[in-house]
Amino acid sequence: MNLSDISANRVACGHNTRSAPILPRPSLEFTPETEAALAGLYARLRDVITPQDWRVHAPYIRAINDLKKQRNAVLLAHNYMTPEIFHTVADFAGDSLALAREAARSDADVIVQAGVHFMAETSKILNPGKMVLIPDQQAGCSLADSITAADVRRLREKYPGVPIVTYINTSADVKAECDITCTSANAVQVVEAMAREYDSREVLLIPDEFLAQNVAGQTDVTVLTWKGHCEVHERFTGPQMRSFRNAEPEMKIIAHPECPPDVLDEADFSGSTSGMINWVQKHQPEKVMLVTECSMSDNIAVENPDVKFIRPCNLCPHMKRITLPAILDSLLELKDEVCIDPEIAAAARKPIERMINLDH
Ligand code: 13P
Ligand code: SF4
């Protein structure tokens with residue numbers, strides 16, 4: 001992308017950023033100076049990043065941390081980022097709920113979202129005047145792709161008076177049609193609050209069918225849903241869990257609530273990605289299997305050297321589009337800016353803020 005394209009794109013987003021300084025592309029050589037400057041950091045990460053990979057990553061890490069200062073940018077990273085992002089360039093790392101809360105309180109000029117597109121949209125919706133960048137526009141989500149705003153309007157007609165809770169893993173257009181958002185960290189609480197507020201025995205929780213089934217198992221509210229699935233978590237099965245359990249009887253199994261219910265039936269704990277991290281930190285199991293995306297085990301292993309992580313895991317191809325080179329380009333060229341129609345953004349802000357306020 002050349003600079004005139006960037007300016008055109010930003011003007012379309014409401015930013016006249018022609019005045020933003022053009023910053024020179026930094027050298028990406030692994031010099032003795034870079035090695036020495038980052039030696040302390042590498043000492044923490046040597047179990048999860050090989051020396052060969054560190055030679056490649058280290059110059060990017062230095063350059064990105066410099067660029068963030070020059071741009072007054074903050075980098076918000078999801079827990080599924082790879083360790084060389086999660087532990088070195090993230091200013092804040094967390095689950096979807098924590099990222100939304102952090103975005104709401106950010107005072108940086110630029111937010112770089114190291115995560116998938118719906119997360120960057122959430123940051124933009126909460127910060128309409130700021131520049132929100134996603135290092136790869138193609139970083140999508142199978143749940144967000146499973147439902148459209150028109151689908152939600154049809155559900156409204158079919159279930160009049162039933163509150164609609166949307167998982168935060170949806171587009172801004174979908175959120176704009178819903179009453180409140182939820183995340184994996186607060187789904188039960190949000191569903192029960194909506195049932196009370198609307199005096200309804202039924203609540204629609206869309207679009208993740210498995211999350212809805214798992215929530216239904218923890219409440220008396222009747223939870224109606226949609227047929228969306230997470231392509232990472234739907235691949236785990238109950239029989240698979242039982243065979244791992246038989247092979248390693250002392251191992252703890254902790255699973256994300258986007259997994260099918262028969263997976264959660266076999267789990268010792270289920271929670272959001274941050275809930276899973278906290279559980280491992282608190283319980284320090286000898287052996288644990290995190291039934292979720294692969295980077296989670298790598299990221300947690302750094303701070304929990306006594307825990308053995310058993311690693312059948314699945315990669316999220318969308319999260320893995322976010323790399324150090326893509327983050328560097330994003331900060332240098334101020335791309336790709338997340339732009340949302342202001343009317344849609346205003347409508348989508350209400351259900352997100354309702355969740356954030358409920359949560360406090
Ligand atoms: P968390 O909110 O638990 O981090 O989940 C987000 C996600 O995309 C999991 O697949
Ligand atoms: Fe979406 Fe699943 Fe990837 Fe999370 S892990 S971003 S829910 S596809």
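The values are calculated or read from the model by the stated rules, or taken from the named source; none is laboratory data. For clarity, every value in this text was computed on a predicted model and none was experimentally measured. Virtual Cβ from ideal backbone geometry, glycine too; neighbours counted across all protein chains shown. For accessibility, only protein heavy atoms count, side chains too; no ligands or nucleic acids. Shrake-Rupley method; radii C 1.70, N 1.55, O 1.52, S 1.80 Å.
Using a simple charge model, +1 on the beta-carbon of Lys and Arg, -1 on the beta-carbon of Asp and Glu, nothing else, what dipole does the chain show about its Cα centre, in debye to the nearest 20?
About 480 debye.
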If you average the sequence gap of Cα pairs under 8 Å that are 6 or more apart and divide by the length of the stretch 245-360, what percent do you get for the contact order? 18
Among all helices in the chain defined by DSSP H, which have a length of 18 Å or more along the axis from Cα atoms plus a Kyte-Doolittle mean of at least -0.5? 342-359
Could you compute how fast the stretch 31-77 diffuses translationally, taking Rh as the Kirkwood radius over C-alpha pairs and applying Stokes-Einstein at 10 °C with viscosity 1.306 mPa s? Give it in µm² per second. 138
Relative contact order for the chain: what percent, with Cα pairs under 8 Å and sequence separation of 6 or more? 21
If you take every DSSP beta bridge whose two residues both sit in the chain, what share of them, in percent to the nearest 5, is antiparallel? 5
How many Å² of accessible area per residue for the chain, probe 1.4 Å? 43
Taking 30 Å as R0, compute the FRET efficiency from the Cβ-Cβ separation of residue 158 and residue 339 and round it to 0.05. 0.40
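Using only C-alpha atoms and all pairs of different ones, pull out the Kirkwood radius for the chain in Å with one decimal.
Over the chain, the inverse of the mean reciprocal pair distance is 21.3 Å.
Which number do you get for Rg(Cα) / (2.2 N^0.38 Å) in the stretch 214-360? Write down the numbers at each step before the final one.
Details: Rg = 18.6 Å, N = 147, 2.2 N^0.38 = 14.7 Å.
After normalising by residue count via 2.2 N^0.38 Å, the value is 1.27.
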Across 5 Å bins beginning at 0, the whole-percent shares of Cα-Cα pair distances in the stretch 252-302 come to 5, 22, 37, 24, 10, 2, 0
Hey, got the Cα dimensions of the stretch 216-262 along the principal axes, in Å, largest first? 37, 25, 14
For residue 175, list the lysines whose Cα falls under 19 Å from its own Cα; do not include residues on the same chain fewer than 8 positions away. 124, 158, 227, 350
Whole-percent carbon and sulfur contribution to the accessible surface of the chain (1.4 Å, no ligands, DNA or RNA) stands at 48
Mean Cβ neighbour count within 10 Å, used as a protection proxy, ranking 200-208, 61-69, 165-173 highest first: 165-173, 200-208, 61-69
